[in-house]
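Data first, discussion second: the structure below is written as structure tokens.
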Amino acid sequence: MEAGHPRIGVIGLGNVLMGDDAFGPWVVQTLLAEYEFPPGVSVEDLGTPGLDLLPYITDLESLVLVDTVRAGGAPGAVRLYRRDDLLKHPPQTRLSPHDPGVKEALLTAEFEGRGPREVLLVGAVPEITAMGVRMSPALRAAVPLAAAEVLKELERRGGHPSRREAPRPPDIWWEPGGSADART
């Protein structure tokens, strides 16, 4: 592994212009506002990278993804999926260039011998995925739960974040009013 390359990656995925699909970016912005991360831990909002996800996951030891998921349960229910859960079914046809391409990127990195050994997807069941820049109350309520799962995984993997002495509001730039309206 190259010097300075992160060992652990936390990646928020989602389209901030599609209602609850902003969940991944929202969780990442919340984490960045409330915590400092040690060297070796990268925390990024990638939006909708499609197959461009590959360079962000290559050579990581551990990967934590945050996104909405198609799953049973009430809107806002948080679901955890490990690498084997994500890869037990073959990739489906991508319906748009904005689909995150998670399975494809994981399989490609693995084929190259450069995939993360540990993978966790922290997902939430969406309520609204139509055009719009407001997340539903159910998904807003799930943000702290998902953030706690990410922090728990970082601790488990040795990427010990520390709470900021002066947390700031998350930078929810896509919603009207930006950060000031985004306090969860």
* Could we say that residue 60 is among the hydrophobic types (A, V, I, L, M, F, W, C), more than 23 Å from residue 174 (Cα to Cα) and either in a strand (DSSP E or B) or at pLDDT below 95 (or both) here? -> no
* Asked: Are there any pairs, at least 6 apart or on different chains, whose C-beta atoms fall under 7 Å, with the first in the stretch 49-62 and open to solvent by 90 Å² or more (accessible area, probe 1.4 Å) and the second assigned to a helix (DSSP H, G or I) and not aromatic (Phe, Trp, Tyr), and if so, which?
  -> 51/104; 51/105
* Of the residues that sit in the stretch 108-123 and are free of Cβ contacts under 8 Å to residues at least 24 places away in the same chain and assigned to a helix (DSSP H, G or I), which one is most open to solvent (accessible area, probe 1.4 Å)? -> 111
* Structure fact -> Only one of 105, 146, 141 is closer than 15 Å to residue 43 by Cα, in contact (Cβ under 8 Å) with a residue 40 or more places away in the chain and not in a loop (DSSP other than H, G, I, E, B), namely 146
* Residue within the stretch 155-171 that is surrounded by 18 or more Cβ atoms within 10 Å (Cβ to Cβ), outside any loop (DSSP other than H, G, I, E, B) and under 16 Å from the mean Cα position of the chain (by Cα) present -> no
* Asked: Where residues in the stretch 1-38 are in a loop (DSSP other than H, G, I, E, B) and either modelled with pLDDT of 95 or more or open to solvent by less than 40 Å² (accessible area, probe 1.4 Å) (or both), which of them is nearest to residue 124 (Cα to Cα)?
  -> 14
* Structure fact -> Taking first residues from the stretch 166-184 that are closer than 16 Å to residue 141 by Cβ and hydrophobic (A, V, I, L, M, F, W, C) and second residues anywhere that are at pLDDT 85 or above and part of a helix (DSSP H, G or I), the pairs with Cβ under 7 Å that are 6 or more apart or on different chains are 172/26; 172/29
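The values are calculated or read from the model by the stated rules, or taken from the named source; none is laboratory data. The structure presented is a predicted model; accordingly, all values stated were derived computationally and were not measured. Please note: Cβ atoms are built from the backbone with ideal geometry, for glycine as well, and neighbour counts cover all protein chains shown. SASA here: full protein model, heavy atoms, side chains in, ligands and nucleic acids out. Shrake-Rupley method; radii C 1.70, N 1.55, O 1.52, S 1.80 Å.
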